[in-house]
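Let me begin by handing over the structure; questions about it come next.
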Amino acid sequence: MRRMALWSGVAALSLVLAAPGFGQTAGASSQAQGQSSGQTEVKAPPAEATTAAQAQTQTSTEANADAQKTLETIKEKGSKVSAEARSKAEAKLEASAKKTNSDAEAQGEAKVASRLSGEFGMTSEQLMAEKQELGCSWGNLMIAHSLDANASADVTAAQLVQMHSDGSGWGTIAAGLGLKLGEVVSAVQAEGRVAAGLAKADGKTAVIHGSGSHAGVGSHAGASTGVRAGGASASAQTGVGVGVKIKP
C-alpha cells in the first residue's frame, strides 16, 4: 500500500510539473496560428483599381507618343526652311534671351516674373515655379511662351523648351511651327522690353502671323503650360507628352 501511494504521489507531481510547459506550447501554437491568420488577411487591390491604373498608363503612353510625333514633325518642317533665314533669326532670338537673363540677374527674378506673367496669362508664382521645374533661363522661357501663345499646334511651352534643350534652335522651332521668323524676332524683342521694364505690359502676348498661327486671338499661354497655382505640374516635369493642349 505504501508503494502504491508513493507511485500515485510521483505521478501527481509529474503532472503538476508538466502543466506549465503544456500551457506554453499551447499558447505558442495559438500565437503562431494568429500570426498566420493575420498574414492571410492581407487583401489584394480591387480589380477595378488595377484596371483603372492600367488604363491611365496606356493613355499616358499614347499621349507621349502623339506628342513626340508632333515635335518630330515640327523639327522636320523647320529644317526645310532656309538655313540662312533660320540662322539669322536664331542669332537675334538668342541675343534677346541673353539680354533678358542679364535683366533678371541685375533687377531680380521676381520683377521679371511679375512683368512677364501677365503677358502669358499666369501669376508670377506660376511662372517662377515653371522656370524652376524646367531648369531653363528666363530668356528661353520667354521665347517658348511667345511661340506657344501664337502657334496653333498642340504643343506646350514646356515641350518647346525641351526641344531647344535637345539641340533644336529657336529659329528652327519657330519655322517648324509655321510662324514668320521676322515677326517672331519682333515679338520676342517686344516681350524682352516688357521683361526689362522698358515697356508696359498689356496683358497679352505680342502677335505673330504665319501659316501655323492663330494670330489675332491674342491668346494667353498660361492655361496651356500645365502650370497651376501652387507650383509646376508633370507637364513641366520631364516627359514630352505631358501638358498637351488643344488650341482654338
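None of the figures in this text is laboratory data; all of them are computed from the coordinates on show. Small disclaimer: the values here were computed from a predicted structure and weren't measured. For neighbour counting, all protein chains shown are included, and Cβ atoms are generated from backbone atoms with ideal geometry for every residue, glycine included.
For GLN189 and LYS111, what is the calculated FRET efficiency with R₀ set at 22 Å and r taken between the beta-carbons, to the nearest 0.05?
0.70
Please go through the range 72-102 and write out the trypsin sites (Lys or Arg not before Pro) that DSSP classes as loop and that have at most 15 other C-beta atoms within 10 Å.
LYS80
Roughly what % of Cα-Cα distances in the range 72-232 sit above 24 Å, to the whole percent?
24 percent
Also, quick follow-up: What are the residues whose amide H is under 5 Å from the amide H of LEU179, where those residues sit 5 or more places off or on another chain and H is modelled from the backbone?
GLY212
Just how large is the dipole of the range 72-232 about the Cα centre, in debye to the nearest 20, putting +1 at every Lys and Arg Cβ and -1 at every Asp and Glu Cβ?
Using only the charged Cβ atoms, the result is roughly 380 debye.
Here's another thing I want to ask about it. Would you calculate the separation in nanometres between label points at THR73 and GLU94, each defined as 7 Å from the Cα along the Cα-to-beta-carbon direction?
2.9 nm
Separate question: Could you point to the residue in SER96, GLY118, SER165 farthest towards the positive end of the range 72-232's charge dipole, with +1 and -1 charges on the Cβ of Lys/Arg and Asp/Glu respectively?
Positive-most Cα among the choices belongs to SER96.
Next question. Hey, got a sec? Which trypsin sites (Lys or Arg not before Pro) in the range 171-202 land in a DSSP loop and have at most 14 other Cβ atoms within 10 Å?
LYS200
Here's another thing I want to ask about it. Short version: ³J(HN,Hα) in whole Hz for each residue of the range 129-136, in order, from phi by Karplus 6.51 cos²θ - 1.76 cosθ + 1.60 (θ = phi - 60°), x for Gly and Pro, what are they?
5, 5, 4, 5, 5, 7, x, 10
List the residues, sorted by chain then number, that are 5 or more residues from VAL155 or on another chain and whose placed amide H is less than 5 Å from its amide H.
LYS245
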